[in-house]
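Beneath this line is the structure, given in structure tokens, with notes to follow.
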Amino acid sequence: MRYPEAIVWDLDGTLIDSAPDMATALNNMLDKRGFAGHSLTAVRAMIGNGAAKLVERAFNTLGVRLEATNQEALVALFLQEYAACATRLTRPYPLVIEVLEQIHDMNIPMGVCTNKPEAISRHILDELGLSGYFSSVIGGDTTSARKPDPLPLLACLKELVAKPQTSLMIGDSSIDVNAARAADVCVGLVPWGYRHEPVENLGADFIIHDLSALPAMLLRPQQRQQTTAH
């Protein structure tokens, strides 16, 4: 059997650099509530685990602890601001479109599993011309749990009609590694993206330093045992 049976991609920090638009939305929300904004570098370090966690980290950095009721309203305001600018500066990383096209031509089904809300994720994929490559899009609000829980990844694979043990997850952080491990899915990481730890320390099956090498690697199952894809 060909390996992999399907590929599930993370979105933010893996396929697209969305931090500039997320920073704009976050700072607009903070400004409307009378707080100072954050630098793009600071926001990059806050991304991960969904919008609620991003808002929480933004306020925690300012020394503010949010109550649940306040946080819910602030998350809604952030998402409203984000929907208005979600594709203003967001772009795919270099070689992403070319590699997706090659994998699509190989007839390997692909999906997206992200902690970003599904509707905004689909909007971004549509606007960037990427939606045609994916047969499944699972967002942070599609299932009852978010990554690193395995549920959304397994839901994505179910829609792709693929078994976890013969599929592949590609992401950029420990969130993706932990979700893949819990789902019994092979996982590769890209060295760009949003995380605090060195990518080599996260325990992925391999690291994709050169994205253009991925299509050829997919046809060689033994690469699953290697630690790095150059």
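Where a number appears in this text, it was derived from the coordinates with a stated rule and is not lab data. Because the structure is a prediction, the values reported are computed rather than measured. Cβ atoms come from the backbone with ideal geometry, glycine included; neighbour counts cover every protein chain shown.
So how many Lys-Lys pairs in the chain land under 17 Å Cα to Cα, not counting same-chain pairs under 8 apart?
4
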Legend entry - the chain: angle of helix 68-85 to the longest principal axis, Cα-based, in degrees nearest 10: 70
Legend entry - Pairwise label distance in nanometres, Met106 with Trp192, each label 7 Å out on the Cα-Cβ vector: 2.0
Legend entry - Residue-count net charge about Leu157 - beta-carbon cut-off 12 Å; Lys, Arg +1, Asp, Glu -1: -1
Inset, instruction - Select from Ala84, Met29, Phe59 the residue farthest towards the positive end of the dipole of region 19-85; place +1 on Cβ of Lys and Arg, -1 on Cβ of Asp and Glu, and compute about the Cα centre. - result: Phe59
Legend entry - Degrees separating the helix 19-32 axis from the principal Cα axis of the chain, which is the longest one: 20
Legend entry - Rounded to 5, the percent of DSSP beta bridges in the chain classed as antiparallel: 10
Legend entry - Summed side-chain charge close to Ala213 - residues other than Ala213 whose Cβ falls under 14 Å, Lys, Arg +1, Asp, Glu -1: -1
Legend entry - Between helix 118-127 and the chain: long-axis angle, C-alpha atoms, 0 to 90°, nearest 10: 70
Inset, instruction - Measure out, as a whole number of angstrom, how far apart the alpha-carbon centroids of region 12-69 and region 94-156 sit. - result: 22
Inset, instruction - Just rank Lys147, Lys158, Lys53, fewest to most, by other beta-carbon atoms within 10 angstrom. - result: Lys158, Lys53, Lys147
